[in-house]
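Asker: The structure's right below; bear with me while I get my questions together.
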């Protein structure tokens, strides 16, 4: 484990003497996430969760130091693109012509510039000329930033917590699918009417996959927004939440791909990695949404919509590298949360290039192309519905059908 020990030593030095480290990670090498209790066990939510019905919170979880401050390092310290491609057996050479939309609330003024730094760090091709609203990367892919009405400009108020979420989402899309175009659609607020409007705009502006890394408690009347999360031929992914057993909207909307979360670690097995259900991954049975035809009550233990459908890495203790400079914490940070998993899965849909012909049912008929996650729990103790909160063979609540093994299930 010399690589892990070296990274832990660097992180410890960075914590005590931030100006003492001048090393930088080489291109396409993301470092090793840190499971040491002195570093990796503490994390916090980036966005304020009001608990108000019809108001969402982002699901980004930033790793913090012993003082509760986001842990900022001079070089990437979490998983990078090469790690994720290895773990999920992905070839990142595809995706040309695909457009992944990221829908978030509020504005990140530094979104485009920060993404350019991330791409440059990992050898993905930076922007040739960085602008506030768009740029073209060295490989010809583009990013455009729109408001919820589809206009470049007149952006909503900036928000530091949601800016972290935006940076995380954009970095994951570029990390998984560097050839994909990106649309960042910023909603005026975190209310469901504004977020739903932004999803409709993303669909209207040519997205071939749409990622949503936010949610809130289910509420009476949520079904009125389901049409905004239903666009034929456009896979829409939604993170299931970071509070363990329990259902959030819009992950429970019946026509989205609800994305749960795992703990991802290197291993000496043939895959080279191992995954367990992350304790924070949201799951359960919806109180309001009907069960879609592609789910079975016998499989899910649920007569209504059950979440999740599929999953990807989400544990902050095995988190990903993100570059963010808006706010007081500037530089490389490590993030987890199901906010990581949703853009990963949306980008795998884009790599597969099948959006025009499939819907959320597709993984259910191609589960053999997924890594089944069979251990771990997110906390419920209801024996009658154990599959809703405990990983097992086949479908389970925290991880759904499993994680990507190539693009065959998407």
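No value in this document is a laboratory result; all are computed from the given coordinates. Note that the structure is predicted; figures quoted are calculated from it, not measured. Don't worry about glycine lacking a Cβ; one is built from the backbone with ideal geometry, like all the others, and counts go over all protein chains shown.
Asker: From the helices alone, meaning DSSP H stretches of at least four residues, give me the mean residue ellipticity at 222 nm for the chain, per-run term -39500 (n - 2.57), in deg cm²/dmol to the nearest 500. Intermediate results must be reported in sequence, preceding the final value.
Answerer: Numbers: 8 runs with 86 residues, N = 410.
Counting only the DSSP helices, I get -6500 deg cm²/dmol.
Asker: For labels at residue 120 and residue 367 in the simple 7 Å Cα→Cβ model, what's the distance in nm?
Answerer: Each label point lies 7 Å from its Cα, and together they span 4.6 nm.
Asker: Of the beta bridges DSSP finds with both residues in region 202-322, what % are antiparallel, to the nearest 5?
Answerer: 50
Asker: Sticking with the crude label model, points 7 Å out along Cα→Cβ, report the distance from residue 296 to residue 93 in nm, one decimal please.
Answerer: Simple spin-label model gives 3.8 nm for this pair.
Asker: When DSSP assigns beta bridges and you keep just the ones with both residues in the chain, what percent turn out antiparallel, to the nearest 5? Please list the in-between numbers first.
Answerer: Numbers: 34 of 63 bridges.
Counting only bridges with both partners in the chain, antiparallel ones make up about 55 percent.
Asker: Given the options 210, 143, 166, which has the most mean-square fluctuation in a GNM of the chain, springs set between C-alpha atoms less than 10 angstrom apart?
Answerer: Top of the fluctuation ranking is 143.
Asker: Going by Cα centres, region 249-308 and region 129-178 are how many Å apart?
Answerer: For region 249-308 versus region 129-178, the Cα centre distance is 28 Å.
Asker: Okay, next question. At a Förster radius of 25 Å, what calculated FRET efficiency corresponds to the Cβ-Cβ distance of residue 328 and residue 287, to the nearest 0.05? Intermediate values should be presented prior to the final figure.
Answerer: Working: r = 39 Å, r/R0 = 1.54.
The computed FRET efficiency comes out at 0.05.
Asker: What list do you get for 226, 104 if you sort them by fewest beta carbons within 10 Å? Intermediate results must be reported in sequence, preceding the final value.
Answerer: Details: 226 19, 104 32.
The order, fewest Cβ neighbours first, is 226, 104.
Asker: Now, a different point. Among 271, 119, 291, determine the one that fluctuates most according to a GNM of the chain built with springs between C-alpha atoms less than 10 Å apart.
Answerer: 271
Asker: Once the piece of chain linking residue 386 and residue 136 is laid out straight, how much longer is it, given 0.36 nm per residue of separation minus the C-alpha distance between them? It would help to have the intermediate numbers written out before the result.
Answerer: On the way: separation 250, 0.36 × 250 = 90.00 nm, distance 4.80 nm.
Result for the pair: 85.2 nm of gain on full extension.
Asker: Say we join alpha carbon atoms closer than 10 Å with springs in a Gaussian network model of the chain; which of 327, 80, 54 then has the biggest fluctuation?
Answerer: Comparing 327, 80, 54 in the GNM, the peak value goes to 327.
Asker: If you rank 58, 302 by fewest surrounding Cβ atoms within 10 Å, what's the result?
Answerer: Fewest-to-most Cβ neighbours within 10 Å comes out as 302, 58.
Asker: Quote the FRET efficiency, to the nearest 0.05, computed for residue 65 versus residue 157 with a Förster distance R0 of 22 Å and r equal to the Cβ-Cβ distance.
Answerer: Working: r = 28 Å, r/R0 = 1.29.
The formula returns an efficiency of 0.20 here.
Asker: Let a ≥ b ≥ c be the square roots of the eigenvalues of the Cα gyration tensor of the chain; is it rounded (a/c under 1.5), or, if not, prolate (a/b larger than b/c) or oblate?
Answerer: Rounded is the answer for the chain, as its axis ratio a/c remains below 1.5.
Asker: Contour minus end-to-end for residue 204 and residue 268, with contour as 0.36 nm per residue of separation and end-to-end as the Cα-Cα distance?
Answerer: Working: separation 64, 0.36 × 64 = 23.04 nm, distance 4.56 nm.
In short, 18.5 nm is gained.
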